[in-house]
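Have a look at the structure below, then the notes.
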Amino acid sequence: MGREWSIRAYQSGDEEGMFELESAVYGKIADKDLWMRRWKWMFQANPAGAPVIWFAESNGKLVGQYPVNRMKMKIGNEILNGSQMMALMTHPDYQRQGIFLALAKQALSDAGSKGFDITYGFPNKLAFPGHIKSGYSDVGAISAMIKLLNCKNILRKYITNRLLLEICAVSMSSIIRLVYRTGKAPNVDALTITRVSSFDERINDLWEKVSNDYEIMVVRDKEYLNWRFVDIPDVDYAIYLAEKEGQILGYTVLRCEKQFGLKVGRIFELVVPLRQEQVAQALILKAIEFFKEERVDLVIYRMIGSRAYHKVLRKGGFIYSHLASRNVRLIAHPNTSKISQAFLGDSRNWFLQTGDSDAI
């Protein structure tokens, strides 16, 4: 018997079918209006341009999807059309029928023909083998650095005895303060760190400096950053700028959320030129201060790029988490012959953080 589905490209109005598909995969979505507004923000308001979206359809119903969203990227010495694959899914009733591989091949071919020079993404453990089979390179794990702020709440998930919980929490907190203590604030003359509601034109000057430090990264100009962190519906990011004499020297973007029964602080972005280690340290200390005020239990920062950031984070009392790092990997696919697979597959060429994913 032949397959009961066919492949086609996005048509106006398909967002309704995408909503129904996601509801079937992840469970009922409580706020459809919010979902639709975020869909329009992600795919229609994106300043880089229109996406490529391919579907598997069966009897008029969407049963699989493979969206590739356009991202302006610095690759080598050029600003090119990059892209990120996101929100991939197959309807539970249609799994193990080859939908994923068929969609991946079609979407990547279409992306290449429309001038998307590369496509990258962060597949989960189950989807990773299929992506490698479809032609992606495994760039490497996204390293995770964590800082524990409330040991008692974290241990509560594993220890039910109250006395034992108190003893372990006190002991663990003491060890962390002794071994992984937060360093002192650096002395940078005239440096101020201020929370802002949006990015202004000065951020373009910072981008020009930072872009020289890496071979592959998403273009972080004013237009992109305001779309990514300011215009998104119903999400409040905390944006802090490090400034000196009217010049932006770096920034960080933070958010709190509930995860695994804990209040988790996430550093979405930490962007500072590599030669400005003290500025990066000052921003990290501001992030820690913010998360303490928000009564966060755990802070996490994910990235692939310079080890200099790890050095700064360690000074802030962060530690490397092998468990958190092994669960997220970066993959990349060249859609043009002018970019080699080897170049994309070398993790030393990349700079990506949580903000470069579709996480909100």
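Computed from the coordinates by the stated procedures, all read-outs in this text should not be read as laboratory data. Computed from a predicted model, the values in this text were never measured in an experiment. No Cβ is skipped: glycine too gets one built from the backbone with ideal geometry, and neighbour counts run over all protein chains shown.
Which entries of Lys263/Lys315; Lys74/Lys338; Lys74/Lys209 show an alpha-carbon separation above 18 angstrom in the structure shown?
Correct reply: Lys263/Lys315.
When only Cα pairs under 8 Å and 6 or more residues apart are kept, what is the percent relative contact order across the range 6-140?
Reported as a whole number, the value is 22 percent.
Rounded, prolate or oblate, given the Cα gyration tensor of the range 120-226, with a/c below 1.5 counting as rounded?
oblate
At 7 Å along Cα-to-Cβ for each site, give me the label-to-label distance between Glu257 and Leu126 in nm.
Simple spin-label model gives 1.9 nm for this pair.
For the chain, find the longest principal axis of its Cα atoms and tell me its angle to the long axis of helix 99-113, 0 to 90°, nearest 10.
90
State which entries of Lys222/Lys286; Lys28/Lys125; Lys133/Lys258 exceed 26 angstrom in Cα-Cα distance in the structure shown.
Pairs exceeding the cut-off: Lys133/Lys258.
Through the Karplus equation 6.51 cos²θ - 1.76 cosθ + 1.60, θ set to phi - 60°, convert the phi angles of the range 65-73 into ³J(HN,Hα) values in whole Hz; use x for Gly and Pro.
8, 9, x, 10, 9, 5, 9, 6, 9
Do you know the relative contact order of the chain, to the nearest whole percent, from alpha carbon pairs under 8 angstrom that are 6+ apart?
Once normalised by length, the contact order is 21 percent.
Sort His322, His91 so that the residue with the fewest other Cβ atoms within 10 Å of its own Cβ comes first and the one with the most comes last.
His322, His91
Please figure out what share of the DSSP beta bridges in the range 6-140 is antiparallel and state it in percent, rounded to the nearest 5.
Around 95 percent antiparallel, to the nearest 5.
Where the only charges are on Cβ atoms (+1 Lys, Arg; -1 Asp, Glu), what is the dipole of the range 58-205 about its Cα centre, to the nearest 20 debye?
Magnitude of the dipole: close to 720 debye.
Of (1) 36, 26, 19; (2) 37, 20, 19; (3) 40, 20, 19, which one was derived for semi-axes √(5λ) of the Cα gyration tensor in Å from the structure shown?
Of the listed options (1) 36, 26, 19; (2) 37, 20, 19; (3) 40, 20, 19, (1) comes from this structure.
Mind checking the angle between helix 277-293 and the chain's longest principal axis? C-alpha axes, 0 to 90 degrees, to the nearest 10.
90
In whole Hz and in residue order, list the ³J(HN,Hα) couplings for the range 159-172 that follow from phi through the Karplus curve 6.51 cos²θ - 1.76 cosθ + 1.60, θ = phi - 60°; x for Gly and Pro.
10, 9, 6, 5, 5, 5, 4, 4, 4, 5, 5, 5, 5, 5
Which one, Ser171, Val188, Leu285, is farthest towards the positive end of the dipole of the range 143-327 when Lys and Arg carry +1 and Asp and Glu -1 on their Cβ?
Of the candidates, Ser171 comes out farthest on the positive side.
For an R0 of 25 angstrom, estimate the FRET efficiency from the Cβ-Cβ distance between Ser306 and Asp231 and round to the nearest 0.05.
Once rounded, the FRET efficiency stands at 0.30.
Add +1 for every Lys or Arg and -1 for every Asp or Glu among the other residues with Cβ under 12 Å from the Cβ of Leu330, and state the total.
-1
Running a GNM on the chain with Cα contacts under 10 Å, which residue among Met172, Met86, Met217 ends up with the highest mean-square fluctuation?
Ranking Met172, Met86, Met217 by mean-square fluctuation puts Met172 first.
Consider a paramagnetic label point 7 Å from the Cα of Leu165 along Cα→Cβ; state which residues of the range 278-296 have an amide N under 20 Å from it.
What the label zone holds, given the 20 Å backbone N cut-off, is 295-296.
For labels at Glu78 and Asp33 in the simple 7 Å Cα→Cβ model, what's the distance in nm?
Once both label points are built, they end up 4.6 nm from each other.
Net charge near Tyr10: determine it from the other residues with C-beta under 14 Å of the C-beta of Tyr10, scoring Lys and Arg +1 and Asp and Glu -1.
Combined, the nearby Lys, Arg, Asp and Glu give -1.
Dipole of the chain, Cα-centred, from +1 at each Lys and Arg C-beta and -1 at each Asp and Glu C-beta, to the nearest 20 debye?
1440
List, in order, the whole-Hz ³J(HN,Hα) value for each residue of the range 88-96 obtained from phi through the Karplus relation with A = 6.51, B = -1.76, C = 1.60 and θ = phi - 60°; use x for Gly and Pro.
For the range 88-96, the Karplus curve yields 6, 6, 10, 4, x, 7, 10, 6, 6 Hz.
Compute the Cα gyration tensor for the range 143-327, then decide on rounded, prolate or oblate, letting a ≥ b ≥ c be the square roots of its eigenvalues: rounded whenever a/c is under 1.5, prolate when a/b is larger than b/c in the other cases, and oblate in all that remain.
Prolate, because a/c is 1.5 or more and a/b exceeds b/c.
Quick check: from the Cα gyration tensor, does the range 6-140 come out rounded (a/c under 1.5), prolate or oblate?
oblate
So, R0 is 35 Å and r is the distance between the beta-carbons of Glu289 and Asp138; what FRET efficiency does that work out to, to 0.05?
Plugging the Cβ-Cβ distance into 1/(1 + (r/R0)^6) gives 0.40.
Taking R0 as 56 Å, what FRET efficiency do you get between Asp358 and Ala190 from their Cβ-Cβ distance, rounded to the nearest 0.05?
For Asp358 and Ala190, the calculated efficiency is 0.90.
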